[in-house]
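The values are calculated or read from the model by the stated rules, or taken from the named source; none is laboratory data. None of the values given here were measured: they were computed from a predicted structure. FYI the Cβ positions are ideal-geometry reconstructions off the backbone, even for glycines, and counts take in every protein chain you see.
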Amino acid sequence: MASPLSLFMPVLPNVSLQDLYTGLQNNQPALQAALASIGTVHYARTLLIDRSAANLQPSAGSTGPFVLAVITEYDGDFNAYIQDFVNHVGPQFDALLQFVVGGQALIPVANHLNAFTLFIAANDASQHAPNDGLYEAYPGVTVQQILAAFPS
């Protein structure tokens, strides 16, 4: 059974859109490799949201305030997933947390597992009503089962 993570993190007011974009782009290759190595992540994406824009989409002249979102669907237990996150994606998350309100106190996440877990839970919209639902087209099917059915 898949579980959702919809992590919305307010960005510090002095961080520019270019700094956010560069930080995300620089981490993408390592992030994708790390997520693949976890073996329980169905989908993952990062979003930049501009709270000052009517459609929430950042544009070239955007000055924010911004929100950095990480949205994933994963197999298993939340605490196990966060431990996997720290073990495999910790350095990439450390790089992003420098831009986030309250993030500096969590860097490096490997040394702050409990505080990081609480931070994720507090900012995970998927753990709070009315956002706690998830439709699954293939309930009970794990990433490992999908990968075994479609070897590369």
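Observations, loosely collected:
- Out of Ala115, Ala80, Ala95, sole residue that is out of contact with any His (no Cβ under 8 Å at 6 or more places or on another chain), within 27 Å of Leu56 (Cα to Cα) and surrounded by fewer than 21 Cβ atoms within 10 Å (Cβ to Cβ): Ala95
- Applying a threshold of 9 Å to beta carbon distances and a minimum spacing of six or more residues, or different chains, the list of pairs starting in region 111-130 at a residue that is without any contact (Cβ under 8 Å) to a residue 24 or more places away in the chain and ending at one that is crowded, with 18+ Cβ neighbours inside 10 Å and of a type in the set (Phe, Trp, Tyr) reads His112/Phe119.
- Total residues in region 9-28, condition touching a Leu at 6+ places or on another chain (Cβ under 9 Å) and exposed (fewer than 15 other Cβ atoms within 10 Å of the Cβ): 1
- For Ser52, the conditions (1) over 29 Å from Leu147 (Cα atoms); (2) assigned to a strand (DSSP E or B); (3) of a type in the set (Gly, Ala, Ser) all hold with the exception of (2).
- Only one entry of Leu35, Leu68, Leu31 meets the criterion of being buried (at least 19 other Cβ atoms within 10 Å of the Cβ), in contact with a helix residue (DSSP H, G or I) (Cβ under 8 Å, 6 or more places away or on another chain), part of a strand (DSSP E or B) and touching a residue at least 40 places away in the same chain (Cβ under 8 Å), and that entry is Leu68.
- Among all residues of region 59-69, there is at least one that is within 13 Å of the chain's Cα centre (by Cα) and either closer than 21 Å to Ile38 by Cα or modelled with pLDDT under 90 (or both).
- For Val15, the conditions (1) closer than 18 Å to Asn79 by Cα; (2) over 16 Å from the mean Cα position of the chain (by Cα) all hold with the exception of (1).
- Set Phe93, Phe99: member being under 12 Å from the mean Cα position of the chain (by Cα), closer than 20 Å to Leu47 by Cβ and of a type in the set (Phe, Trp, Tyr): Phe93
- When residues in region 133-145 are screened for being free of Cβ contacts under 8 Å to residues at least 24 places away in the same chain and either of a type outside the set (Phe, Trp, Tyr) or loosely packed, with under 10 Cβ neighbours inside 10 Å (or both), 5 of them pass.
- Scoring His88 on the criteria (1) assigned to a helix (DSSP H, G or I); (2) closer than 22 Å to Val11 by Cα; (3) touching a residue at least 40 places away in the same chain (Cβ under 8 Å) leaves a single failure, condition (2).
- Filtered residues of region 78-102 (kept if under 14 Å from Leu68 (Cβ atoms) and of a type in the set (Phe, Trp, Tyr)): Phe93, Phe99
- Filter result for Val86 (at pLDDT 95 or above, within 16 Å of the chain's Cα centre (by Cα) and β-branched (Val, Ile, Thr)): no
- Selection from region 118-142 of residues that are more than 12 Å from Ser3 (Cβ to Cβ) and part of a helix (DSSP H, G or I): Leu118, Phe119, Ile120, Ala121, Ala122, Asn123, Ala125
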